[in-house]
Structures are given as C-alpha cells and as structure tokens.
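What follows is a single structure, written as structure tokens, with notes after it.
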Amino acid sequence: MIKSINHITLAVRNVEKSFNFYKDILGLKPIAKWENGAYLTAGDTWIALNQDSKVSESKRSDYSHIAFTCLSSDFQALKSHLLDFGSVEWSENKSEGDSFYFIDPDGHKLEIHVGDLQSRLKEMQGNPWDTFEYY
C-alpha cells in the first residue's frame, strides 16, 4: 500500500542552472549536488534533478504540473521574484487560493499555491462541480 509520495525527479538540461533556480528563486533547501544531479527538499518532499540530454524544448499542452505550497504573506514577493527572473506564466488561476503557474528553466510546469486540500474541499462544498463526489 502507498504511504506517501517518496520523491519527485525532474529531468533537466543543465544541473547547475536548474539547481540555482530551485535553490535561489524558489527557496528549496539544497541537500546534495554532483556533476549530473542534485537533491533538494521542499518541506518533507525530496526533489531530484537529473541531467538528461533528452529533455525536450517543446512545451506540453496539458494541465500536468507540480504545485508548491506558499504562505499567503510570501505569495506576492515570490511571484514578483519569479517574474523578475523571467519565468513565463502558463495558465491563469481558476481555483480557490492565490496561485501562479510558471515554467522552470527546463519547461516543467510548476505552480505556487496558497492553500491546501482542506481549503480546496471547503470551497468545493460551497460551490461543487456537477459530478463532484466526496469519499
């Protein structure tokens, strides 16, 4: 049985550039780095960066992405920091809580989000989708 998500691995074109983005721009905690990879953490989540020459330049058109929790008090400053860095917004926020959807240096779709599953479910209880079911 699955207990939790163990880690997230992202294929990157340039470990140094991606490591600096996740460390300096997003504020993830660096754990280890080597020639072809790096480990960082976002809270209890382990993020692995692995250099891969097959990383595509093309952008995915679907909604798949990774969302990082951000405190409400930090949201605007972090969003501004991302925009100053040159991050490109890939979607507008259409759900509860402040969100900013952006692309990392390797084209991965990311989000900073204020809120959690409980705040999302509370919002859905007041305004449910037609086919929404609670378990």
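No value in this document is a laboratory result; all are computed from the given coordinates. Please read all numbers here as calculations on a predicted model, not as lab measurements. Positions of Cβ are generated from backbone atoms using ideal geometry, with glycine treated the same way; all protein chains shown enter the neighbour counts.
Annotations for the structure displayed:
- Filtered trypsin sites (Lys or Arg not before Pro), the range 82-135: DSSP coil and at most 12 other beta carbons within 10 Å: Lys94
- Extended-chain gain in nm, criterion 0.36 nm per residue less alpha-carbon gap, Glu89 and Arg13: 25.3 nm
- FRET efficiency, 1/(1 + (r/R0)^6) with R0 30 Å, evaluated for Ser64 and Asp44 via beta carbons: 0.85
- Sparse-neighbour loop sites [trypsin sites (Lys or Arg not before Pro); the range 13-93; at most 15 other C-beta within 10 Å; DSSP]: Lys54, Lys59, Arg60
- Label-to-label distance, nm, for residues given as Tyr135 and Ile5 (7 Å Cα→Cβ offset): 1.7 nm
- Of all beta bridges that DSSP places with both ends in the chain, some 65 percent have antiparallel geometry.
- Tilt relative to the chain, helix 117-126 - C-alpha long axis, 0 to 90 degrees, to 10: 30 degrees
- Only Cα pairs under 8 Å and 6+ residues apart enter the sum, and on that basis the relative contact order of the chain stands at 22 percent.
- Once the Cα atoms are used to define both axes, helix 72-85 deviates from the longest principal axis of the chain by about 40 degrees.
- Gain on full stretching of the segment that runs from Ser119 to Glu57 - 0.36 nm per residue minus C-alpha separation: 18.8 nm
- If both residues of a DSSP beta bridge must be in the range 1-53, then about 65% of such bridges are antiparallel.
- Coil-residue chymotrypsin sites (Phe, Trp or Tyr not before Pro) of the range 1-86, DSSP, other Cβ within 10 Å capped at 16: Tyr63
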